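Q: The structure is given below, and queries will be raised subsequently.
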Amino acid sequence: MDDLINDFLAETRDMLQSLSGAIVAWEAEPGDRERLDEIFRFVHTVKGNCGFFDLPRLQQLSHAAEDVLADVRAGRRTADSRLVSAVLAVIDRIGELVNALETGDSLASEDDEQLIAALSEDEEEDVETAPTATPEPDAPVIDLERRKNVRSIRLSVDLLDRMMSGVSDAVLARNELARRLRDAERDVAVEAAFERVSGCIAEIRDAITRTRMQRIDNLFAALPRMVRDLSSELGKQVRLEVDGGDVELDREMIEMIRDPLSHIVRNAIDHGIESSADRAKAGKEAIGVLRVSARQAGNQILIEVADDGRGIDADKLVAKAIAAGIVTSDRAERMSHVERIQLIFAAGLSTAGQVTAISGRGVGMDVVRANIERIGGVVDLDSRLGHGVKLVIRVPLTLTIIPALTVSAGGQIFAIPRSAIEEILRARGAAVRVDRLGDANVATIRGRRVPLVGLSGLLGVDTAVADDEQKLILLKPAGGDVYALAVDAVHDHEELVVKPAAPLVMAAGLYAGTTLADDGRPILLLDPSGMASRAGVGSGEQEVEHRPAADAMTEQTRESTLLLFRGLDGGLRAVPVPVVERIEDVPADSISFTAGRLRVPVGERILPLAGCAEAPAEGLLRILRLTDGAAEIAYGFAEVVDIRAVAIDLQPALVPGEVSGVALIDGNQVEIVDPYWLFAAFAGEAADGAEQPTCALPADDPWMANILRPLIESLGYRVVPAGEEVLADIVIASAEAGGAAQSTAGEVLRIRARPEPDEGDNSIYRYDRAALISALSRHGKDRKHG
Amino acid sequence: MAELVLIVRMAGRRVAIPASEVEAVVELEGLTPAPRAAAHVAGLSALRSRVLTVIDAMASLELGCSFGEGLIEAVVVNSGGHPYALLVDEVEDVIETDGAPLAVRAPIGAGWDRVAIGMIDAGSDLLLLVDPHLVIAGPAAQAA
């Protein structure tokens, strides 16, 4: 409410400012109809607003002025000079009151009556002096002092955008400087100064990003009215529950969500919630409930729209989809429940029996999903027949900065949004086979067949490397099927500030925008679904993921993405990229030997520090923040060498320790850091090696292999790859992968990636550490006792 | 009515561009190709933190294409909310012209005809007045 009042006051002040010209003109020429209308509109607006805010004094004043002006407009009174000055006195008083409200001061109210009285017709000349006599002589000075307390100002969005682009410039310049400094001779003083500048820029960028944030209330404010109008039009009773309006979101993002959200709400009321009679028949409350809520989860905003209506009739939907030729009946039979209800997003499908005036006007859920995906968001759908539909829109916090992978083709660098990337592989790797079928290439990756698209061919540029030197990137475009993209080289992960590209460039259908690299050169951001449709692999029915069990991979040939770095002792080491949360510089003097080991404060937390025997004397220490999904440890190192996707042939170390073994990468011996040992030694208690129960883990799931595995092992399990013949005490399966992971032995523990369970789902959320540990330890104990 | 025009050499000819349409004259450093973009898009270039779409005037006029080496002179024009850099051979001068552009009654070629507003008197010379937005739009725009 305070925000709204502030907005109202600021707006009134703005209007007064722009009105001052009109007031003067009207004073000079009371017959000027245009000016009169302008002033009338002002008092009318003020009157309306303060009725809403319960500001009786302002309302009284503006109401009186409005009445008089209405009379003048209707020709009942003439605007003589006495009337004009009385109106102007009222407007001045409105301005004073607005100032007083902003500063929280009180303003004497006695003479309000006098001002209003001056407006009335039957007053004679004798009161004319009243309005001019009231202001104190030193009013302007007090005014200035009071203004200092004003808590908010209005800024043009253009100005904010300019500030944002100025800061982006500063970030680029800083990056350039950082590179030059790295090349130049080390000078501690210069470096310290640079770090300070660097920190300041980061802070400014943060603050400006926040100025662009807006409460999602702005988006929700229109909903009550919309729901009221729609439900009365449709003769339904709907109760709207809104929650989480204080979540903040990029202003631009809010605008982008506005239309899809209102469409979803319309759909829910039109198609979802039944009439009161139908609800009574179904044994539900007469009033339908529509719940709209927002919350922040990590760097995403979740907006949930749930109704308790009739839900989506999956059978009816599938039948329609078959009739419309969107799926074959053969394929429909093999679809899971989720896949079936997701047909609602297919173009040209609507479950409504007939097209109504509210929704079903040709703008379908396909457009809603496309709009959300355009801003890097995802729409999740859950529906239970007879119980309602829940739609969750997940969008990134800001439009402008996205994590991306830079790759090259034909000597040119491009960026790919990381959200679409499933995996990076070597074309020559043991896990990949490429077959040429007609004019197309098909890659078989661990038994999974996907179309292979060459980026250089797609772009019409010459590739610089031989086919088998290429890297394959498995892409899953939003709403499309997985395909592999062959690129010449994979470079780096970067956070990129993305801007829209010119229409002439977008016409290629391959790009999502442009961005600037650290050195200030433009990079084109590739659009995974655009590339798929240009290459002709995006549409149509594809082979359902096909993974014969016989192709199960052994661990040694698994290709993994490794971060190569130089340790503080100069040795070349590597650590799997997925366990690296981020890289950070910490001041060396903050590191100290406390409670039995080296520790380093990072943000609000203290992390155990591995990778160095003692704290460096001065300067900054660069650390890797490693995470197993729950615990975090810091690992000191000297410099990043590269990020490589390689299948390593590991020569195990003689004794278990920080390094699990050594492997040859590009002809260099590289020690592979063992995250399991690190976490066991630094973040938890060492696992008990004796008589371990076994746990089967799907070999093809990088999250499980990289993140979950250390946790399972820390609970004392021996991990074996899952497969048909594998005997294990407990089998871990992904809830999303469907019923693939039945095993001959043990219990099956299903883990899902989404925090919310489906109905009747006994799976565990992957980061619900407590539930995972409790399930795993229960199984471990059962085995020991029985 | 006096109007300022920028005189440039573009596709081998001296032409005039209304100065009001021109945001800046810059020297571009480096050009990033944009494969599969419209044929007259020479690529992208950065001007401070802005990405300019670089237009090859020669290709837009369907007279072949020009190849820039090293520093390239370009005229920055904002069109449809996006900044463009129009490649020119040389930027000569800004002058004031009097009078409205006159219709050209000579066959100046299809490409020029598409982008020309008319001809103007610029001191001692008669120059084509070119609409930069039409040069940016390129040959496809007219077909559509």
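All of the numbers you see were taken from the coordinates with simple rules; none came from a lab. Fair warning: this is a prediction, and the values are worked out from it, not measured in the lab.
Q: Divide by every residue of chain B the summed helix terms, -39500 (n - 2.57) for each DSSP H run of at least 4, and state the resulting mean residue ellipticity at 222 nm, rounded to the nearest 500 deg cm²/dmol. Working shown, then result.
A: Working: 3 runs with 22 residues, N = 144.
Result for chain B, helices only: -4000 deg cm²/dmol.
Q: Please give the per residue volume of the convex hull enclosing the alpha carbon atoms of segment A:157-211, rounded to a whole number of Å³.
A: 53
Q: Taking a ≥ b ≥ c as the square roots of the eigenvalues of the Cα gyration tensor of segment A:215-396, is the shape rounded (a/c under 1.5), prolate (a/b larger than b/c) or oblate?
A: oblate
Q: Relative contact order for segment A:215-396: what is it in percent, counting Cα pairs under 8 Å that are at least 6 residues apart?
A: 24
Q: Can you list the HN-Hα couplings for segment A:428-435, worked out from phi with the Karplus curve (6.51, -1.76, 1.60; θ = phi - 60°), rounded to whole Hz and with x for Gly and Pro?
A: 8, x, 5, 7, 10, 10, 10, 10
Q: So what is the diffusion coefficient of segment A:407-455 in µm² per second by Stokes-Einstein at 4 °C and 1.567 mPa s, using a Kirkwood Rh over Cα pairs?
A: 105
Q: With a ≥ b ≥ c taken as the square roots of the eigenvalues of the C-alpha gyration tensor of segment A:554-683, please select rounded if a/c is under 1.5 and otherwise prolate if a/b is larger than b/c or oblate if it is not?
A: It is prolate, given that a/c is not under 1.5 and a/b is the larger ratio.
Q: List the relative contact order of chain B as a percent without decimals, with contacts defined as Cα pairs under 8 Å and 6+ residues apart.
A: Dividing the mean separation by the residue count of chain B yields 28 percent.
Q: Considering only C-alpha atoms, what is the centroid distance from segment B:11-52 to segment A:590-624, in Å?
A: A separation of 50 Å, based on Cα centres.
Q: In degrees, nearest 10, range 0 to 90: what is the angle between the Cα axis of helix B:132-143 and the longest Cα principal axis of chain B?
A: Rounded to the nearest ten degrees, it is 80.
Q: What number results when the radius of gyration of segment B:3-139, computed over Cα atoms, is divided by 2.2 N^0.38 Å?
A: 1.00
Q: Strictly over 32 Å apart at the Cα level, which of A:LYS281/A:LYS476; A:LYS284/A:LYS320; A:LYS320/A:LYS471 would you flag in this model?
A: Working: A:LYS281/A:LYS476 44 Å; A:LYS284/A:LYS320 28 Å; A:LYS320/A:LYS471 41 Å.
Where the Cα-Cα span goes over 32 Å, the pairs concerned are A:LYS281/A:LYS476; A:LYS320/A:LYS471.
Q: Jot down the per residue volume, in cubic angstrom and as a whole number, of the convex hull over the alpha-carbon atoms of segment A:414-507. Please report the intermediate quantities before stating the final value.
A: Numbers: hull volume 12.3 nm³, N = 94.
With only Cα atoms used, segment A:414-507 gives 131 Å³ per residue.
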